[in-house]
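*Asks:* Mind looking over this structure? Questions follow.
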Ligand code: SF4
């Protein structure tokens, strides 16, 4: 890669904390979706709820919204009519609006959802035997420019709010019709359709840390959606300073977009590597399982023909990650219009997998899902491409011209 200097986009912007405003819905009412329990308490205090009742009121409303999926205060029958009216005057319960839903031949569902400001993000539901994974987005577009990634061709529009992040989970539960009925025991309920969350959609979650953390705390809350922290995987391209914070403040599983075994190649594929190189990243990852008490880290590795798929790469990879409890996900590249790479041959992927497997690591080759609806990994991009990069720029970033 010799053309990185040509790219006008910042490769690794500083982590900036933008002060968060109260999320406002229509008529200046506050949207309570995405507020932490403490924030909700403060809001209820603001409308005059007596101090002594605050905790109980928060619990009650929380359960209606996140356990039973209700969106109308009028349905919250264990609250007095007067309190329901007060809530209705000050708040809304709003989730993103589903604009389109596509269902793949293999059952994968892709939703295009609209958030405030008319922006759109994609959410993908992948059903598997005994579980179902929802891949959610954390940003509209992405500031990073991973050259194999379709989302990376769209510039960052904005961070999602916590409400918009957890809202993606809520709209998927709506579509799957998976909110339990109040008062009905879930003891004999079948396995959950939506049992896992992966933050692998659009955006770099660790560049939107606070909102991602708040949303995932809501997903994990035992009196609501109640997913275990081991069923949530956050995937980062390697924002080193935020990784320890993820362990401490979220505690979910971690996946890392690794994709290369030398800095030279990773600088091109995952340009954040120029800021935090392989050595620095691995040193941080070694600490993660101890800090978060989680079993192992997933290394995502996209298989690109002639770029990162040699047997030498596989050998280097197992050497690099030695000592880290890990699983390596091999992802056959999913091509998208204008992409600069090709998928590795099946035979080559299998050779690579064998080296990794023989070194003692699980090395599943991911079965591409939802390809017919462009829902496969790395193919996500909202239909409204406001700031699209040119083909020339994509090629320049991949080092293919000049
Ligand atoms: S792989 Fe992730 S971090 Fe890289 S450009 Fe795509 S969405 Fe952004």
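Values quoted throughout were computed directly from the atomic coordinates according to the rules given, and no laboratory measurement underlies them. Nothing here was measured: the structure is a model prediction, and the numbers come from that model. FYI the Cβ positions are ideal-geometry reconstructions off the backbone, even for glycines, and counts take in every protein chain you see.
*Asks:* Would you list 290, 29 from fewest to most Cβ contacts within 10 Å?
*Replies:* If I rank by nearby Cβ atoms, fewest first, I get 290, 29.
*Asks:* Here's another thing I want to ask about it. So, R0 is 45 Å and r is the distance between the beta-carbons of residue 230 and residue 74; what FRET efficiency does that work out to, to 0.05?
*Replies:* 0.75
*Asks:* Provide 339, 137 in ascending order of the number of other Cβ atoms located within 10 Å of each residue's Cβ, fewest first.
*Replies:* Fewest-to-most ranking of 339, 137: 339, 137.
*Asks:* In addition: Mind giving me the FRET efficiency for residue 274 and residue 116? R0 is 41 Å, r the Cβ-Cβ distance, nearest 0.05 is fine.
*Replies:* Using R0 = 41 Å, I get an efficiency of 0.75.
*Asks:* Continuing with this model, one more query. How much length, in nm to one decimal, is gained on full extension between residue 359 and residue 245, taken as 0.36 nm per residue of separation minus their Cα-Cα distance?
*Replies:* Going from the current span to full extension adds 38.0 nm.
*Asks:* So, by mean Cβ neighbours within 10 angstrom, what's the order for 266-276, 83-93, 228-238 with the highest one leading?
*Replies:* The packing order, highest mean first, is 266-276, 228-238, 83-93.
*Asks:* While we're looking at this one, here's another question. What nm distance separates the two modelled labels at residue 175 and residue 51, each placed 7 Å from Cα along Cα→Cβ?
*Replies:* 4.6
*Asks:* Roughly how many Å is it from the Cα centre of the range 40-71 to that of the range 190-241, as a whole number?
*Replies:* Using only Cα atoms to place each centre, the spacing works out to 23 Å.
*Asks:* A follow-up question, please. Classify the range 98-154 as rounded, prolate or oblate from the Cα gyration tensor: take a ≥ b ≥ c as the square roots of its eigenvalues, call it rounded if a/c is under 1.5, otherwise prolate when a/b beats b/c and oblate if not.
*Replies:* It is oblate, given that a/c is not under 1.5 and a/b is not larger than b/c.
*Asks:* Please compute the contact order of the range 26-92 in relative form: average sequence separation of alpha-carbon pairs under 8 Å and at least six residues apart, divided by the residue count, as a percent. If you can, show how the numbers build up before the last one.
*Replies:* On the way: 39 pairs, mean separation 28.6, N = 67.
The value is 43 percent.
*Asks:* Continuing with the same structure: Under a plain spin-label model, where a point goes 7 Å from the Cα along Cα-to-Cβ, how far apart in nm are residue 264 and residue 319?
*Replies:* 1.4
*Asks:* If you take the square roots of the eigenvalues of the alpha-carbon gyration tensor of the range 26-92 and sort them as a ≥ b ≥ c, do you get rounded (a/c under 1.5), prolate (a/b over b/c) or oblate? Please list the in-between numbers first.
*Replies:* Details: a/c = 1.14, a/b = 1.06, b/c = 1.07.
Rounded is the answer for the range 26-92, as its axis ratio a/c remains below 1.5.
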